[in-house]
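Structure, as structure tokens:
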């Protein structure tokens, strides 16, 4: 679904590995973007498709990748959780239900590593404090209910992603602009600590690995520090990152 930067990279890897790729995307495509010419693109808003149209789009597909939604950068009126449910949870519920009806074998949902953080540190009670994080946890729960012996479901809990695409303004321009404000000062102030990040290419490789490998009961695949090579074909792995599956 959609053609974000990481999905364009994943599409090329899918095609390089011999898969046919079909996507639904909002027009127009970014001018000059490296969108694979072999990829079949249906323009439209998948949220507005009828059940019949969605079923037609999924029929005959072996795998489904959900790469849509909103995050905390988008402002909504209170209560903000309602908007997150509308754009992050309900569409996953509908799409995975349709995928199961159409006989899709493997589904991959692009989630957030804030889910990993919330589950790893329950003492922080992040879901009670942050509607976005709560929505990502609830999204995983919805996705998991569709996993069984006939359809595998995986969630990629993605960290920050760095990459560029012609025709698009990189998300991280805001970070550079913040740092540039310190040009007139003899120092740069920035919080201590660290985080995890991946490149667009790495995320694309992991999307493909998950779509090819996920099976059976639900698994959460966290991308942070290192890869578990036994889960993904070696020729479909980058050199850095963290991946785990069960």
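If the condition is being more than 17 Å from residue 21 (Cβ to Cβ) and in contact with a strand residue (DSSP E or B) (Cβ under 9 Å, 6 or more places away or on another chain), then region 99-115 contributes 100, 109, 111, 112, 113, 114, 115.
Residue-by-condition table, conditions (1) farther than 25 Å from residue 65 by Cβ; (2) without any contact (Cβ under 8 Å) to a residue 60 or more places away in the chain; (3) under 20 Å from the mean Cα position of the chain (by Cα):
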{"residue": "136", "(1), (2), (3)": "no, yes, yes"}
{"residue": "140", "(1), (2), (3)": "no, no, yes"}
{"residue": "164", "(1), (2), (3)": "no, no, yes"}
{"residue": "170", "(1), (2), (3)": "no, yes, yes"}
{"residue": "173", "(1), (2), (3)": "yes, yes, no"}
{"residue": "195", "(1), (2), (3)": "no, yes, yes"}
{"residue": "202", "(1), (2), (3)": "no, yes, yes"}
{"residue": "209", "(1), (2), (3)": "no, yes, yes"}
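Within region 66-100, the set of residues being buried (at least 18 other Cβ atoms within 10 Å of the Cβ) and not in a helix (DSSP H, G or I) comprises 66, 67, 68, 69.
Here is a check on your reading of the model: is residue 65 in contact with a strand residue (DSSP E or B) (Cβ under 6 Å, 6 or more places away or on another chain), at pLDDT 95 or above and under 21 Å from residue 171 (Cβ atoms)? When the stated conditions are applied, residue 65 passes them.
Note on region 196-218: residues that are outside any helix (DSSP H, G or I) and at pLDDT 75 or above amount to 6.
Quick one: would you say residue 160 is at pLDDT 95 or above and either over 26 Å from residue 23 (Cα atoms) or touching a helix residue (DSSP H, G or I) at 6+ places or on another chain (Cβ under 9 Å) (or both)? Criteria not met by residue 160. Only one of (1) crowded, with 19+ Cβ neighbours inside 10 Å; (2) modelled with pLDDT of 65 or more; (3) in contact with a strand residue (DSSP E or B) (Cβ under 7 Å, 6 or more places away or on another chain); (4) within 21 Å of residue 116 (Cβ to Cβ) is not met by residue 237, so which one is it? Result: residue 237 passes all but (2).
Checking each residue in region 15-65 for being within 19 Å of residue 105 (Cβ to Cβ), touching a helix residue (DSSP H, G or I) at 6+ places or on another chain (Cβ under 6 Å) and assigned to a loop (DSSP other than H, G, I, E, B) picks out only 21. Of the residues making up region 18-37, one or more are loosely packed, with under 12 Cβ neighbours inside 10 Å, free of Cβ contacts under 8 Å to residues at least 60 places away in the same chain and in contact with a strand residue (DSSP E or B) (Cβ under 6 Å, 6 or more places away or on another chain). Test residue 54 against the stated conditions and say whether it is surrounded by fewer than 18 Cβ atoms within 10 Å (Cβ to Cβ) and either more than 21 Å from residue 204 (Cβ to Cβ) or within 18 Å of the chain's Cα centre (by Cα) (or both). Against the criterion (surrounded by fewer than 18 Cβ atoms within 10 Å (Cβ to Cβ) and either more than 21 Å from residue 204 (Cβ to Cβ) or within 18 Å of the chain's Cα centre (by Cα) (or both)), residue 54 does not qualify.
The values are calculated or read from the model by the stated rules, or taken from the named source; none is laboratory data. Quick caveat, the model's predicted, so the values are computed rather than measured. Note: ideal-geometry Cβ built from the backbone for every residue, glycine included; neighbour counts use all protein chains shown.
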